[in-house]
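Working notes for the structure below.
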Amino acid sequence: FRATKYSGHELTAGVAFGTLSARGDVAGIVIENTLIDHNRHRDSGYGGIFLDNCSHCAVRDNQVLENAQHRGIFLMDPVQSVVQNNFVHRPGGTGIPFYSSSRSQIIGNVITDGNGSHANGITAYLPPSEQLLIAGNYVFDCNSPITFHDAVDLTIYNNIIDANGRDSNINEWTRSSGGTILIANNTLVGNERDYAINICDSCDAHYIIKNNITDGLDTDLPASYDYGHN
């Protein structure tokens, strides 16, 4: 399929493929090999692809291009779902946001040129955001490449993150993460702040930050943090 030049002003207007019934339980949806381009929203749309409360769903091998005032691929309350091998270019909002995810994955995607308001590359927000894997992605020239908060057992692994002169490559915004936060084997370059990793220094989570190519952190880490070989 190709979906192009849809528009609207309601939250889910202008979405190319997705769920429209809020809070409905849906399962097993697969969206793959589509081209979604030049759709727009008046204010801040939910994306080229939007799935709400979806379990065992997959969004794979899609191109989501030039969607003004829209997120790219947006999953809200996903359970055991995956967004994989997609190309998201010039989204008007965050390229791939996950809200309140559980046991899900964002892997092997390319996200470039996020220039709109709050146009982060990859975002994991709202509790519980538990057991999420962000791995093997390439993020280039987005406002804040990877952001998270309220995460429990988050893994950020083997990504290439080029901030292209913008904010820190990985940003944690609140002080309420838990479990284990693993940041390992990433290449983090091109931020303007002289530290690639901006994380909590007083959270209950156990942080493991190892084997990254990085120019450092924004703070002195407590002794309980496992940091080294970067």
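Under a 5 Å amide H to amide H cut-off, with H placed in plane at 1.01 Å, what residues pair with His206 once short-range neighbours are removed?
Amide H to amide H, under 5 Å and 5 or more residues apart or across chains, His206 pairs with Gly179, Thr180, Ile181.
If you look at just the Cα atoms of the stretch 76-230, how large are its Rg and its Dmax in Å?
13.9, 40
Given 0.36 nm per residue, what is the gain on full extension from Ser117 to Asp226 after removing their alpha carbon distance, in nm?
35.8 nm
P(r) tail for the stretch 1-93, what percent of Cα pairs lie past 16 Å?
Every Cα pair in the stretch 1-93 considered, those over 16 Å come to 47 percent.
For the pair Glu32 and Glu192, how long in nm is the line joining their label points, each one 7 Å along Cα→Cβ?
So the label points at Glu32 and Glu192 sit 4.0 nm apart.
With θ set to phi - 60°, apply the Karplus curve 6.51 cos²θ - 1.76 cosθ + 1.60 along the stretch 148-154 and write out the HN-Hα couplings as whole Hz, x wherever there is a Gly or Pro.
Running phi through 6.51 cos²θ - 1.76 cosθ + 1.60 with θ = phi - 60° gives 7, 7, 6, 8, 10, 6, 9 Hz.
Counting alpha carbon pairs within less than 8 Å and at least 6 residues apart, what relative contact order, in whole percent, applies to the chain? Please list the in-between numbers first.
Details: 826 pairs, mean separation 25.0, N = 230.
For the chain, the relative contact order is 11 percent.
At a threshold of 8 angstrom on Cα-Cα distance, excluding pairs fewer than six apart, so keeping six or more, what relative contact order does the stretch 1-61 reach in percent?
Numbers: 126 pairs, mean separation 28.4, N = 61.
Once divided by the residue count of the stretch 1-61, the mean separation gives 47 percent.
Would you please give the residues with an amide H less than 5 Å from that of Val88, counting only those at least 5 places away or on a separate chain, with H modeled from the backbone geometry?
Val64, Val110, Ile111, Thr112
I need the Debye-formula profile for the stretch 70-134: one equal scatterer per C-alpha, no solvent, reported as log10 I(q)/I(0) at q = 0.20, 0.24 1/Å, two decimals.
At q = 0.20, 0.24 Å⁻¹ the computed log10 ratios are -0.69, -0.94.
Summarise the accessible area of the chain (1.4 Å probe, protein heavy atoms) by the percent that is carbon and sulfur.
48 percent
Percentage of Cα-Cα pair distances in the stretch 32-86 greater than 19 Å, rounded to whole percent?
So the portion of pairs separated by more than 19 Å is 27 percent.
I need the peptides 76-85, 201-210 ranked by packing, meaning the mean over residues of other C-beta atoms within 10 angstrom, with the highest value on top.
Descending packing order for the listed peptides: 76-85, 201-210.
In the chain, which Cys residues have no partner Cys with a Cβ closer than 4.7 Å?
Cys with no partner Cβ under 4.7 Å: Cys142.
What would the Debye equation give as log₁₀ I(q)/I(0) for the stretch 1-49 at q = 0.19 Å⁻¹, counting only Cα atoms as equal point scatterers?
Cα-only, vacuum Debye calculation for the stretch 1-49: -0.63.
In whole angstrom, how far apart do the alpha carbon centroids of the stretch 6-80 and the stretch 83-126 sit?
11 Å
Given a 1.4 Å probe, how much area per residue of the chain is accessible, in Å²?
42 Å²
Once you put a point 7 Å from the Cα of Val110 and another 7 Å from the Cα of Ile208, both along the Cβ direction, what distance in nm separates them?
So the two model labels end up 3.1 nm from each other.
Can you bin every Cα-Cα distance in the stretch 95-161 into 10 Å intervals starting at zero and give me the percent of pairs per bin, rounded to whole numbers?
Pairs per bin, as whole percents: 24, 55, 21.
In whole Hz, what ³J(HN,Hα) sequence does the stretch 43-55 give by Karplus (6.51, -1.76, 1.60; θ = phi - 60°), x for Gly and Pro?
10, 8, x, 7, x, x, 10, 9, 10, 10, 6, 10, 10
Relative contact order for the stretch 30-103: what percent, with Cα pairs under 8 Å and sequence separation of 6 or more?
That works out to 33 percent.
Please list, ordered by chain and number, the residues whose modelled amide H lies under 5 Å from the amide H of Ser129; skip anything fewer than 5 residues away on the same chain.
Ser100, Ser101
Rank these residues by their accessible area, most exposed first, probe 1.4 Å: Leu126, Leu35, Leu75.
Working: Leu126 75, Leu35 50, Leu75 0 Å².
Largest accessible area first, the list is Leu126, Leu35, Leu75.
The values are calculated or read from the model by the stated rules, or taken from the named source; none is laboratory data. Keep in mind that this is a model prediction, so the values were computed, not measured. Methodologically, a virtual Cβ is constructed for each residue, glycine included, from the backbone with ideal geometry; neighbour enumeration extends over all protein chains shown. Accessible surface is based on the protein model in full, side chains and every heavy atom, while ligands, DNA and RNA are left aside. Shrake-Rupley method; radii C 1.70, N 1.55, O 1.52, S 1.80 Å.
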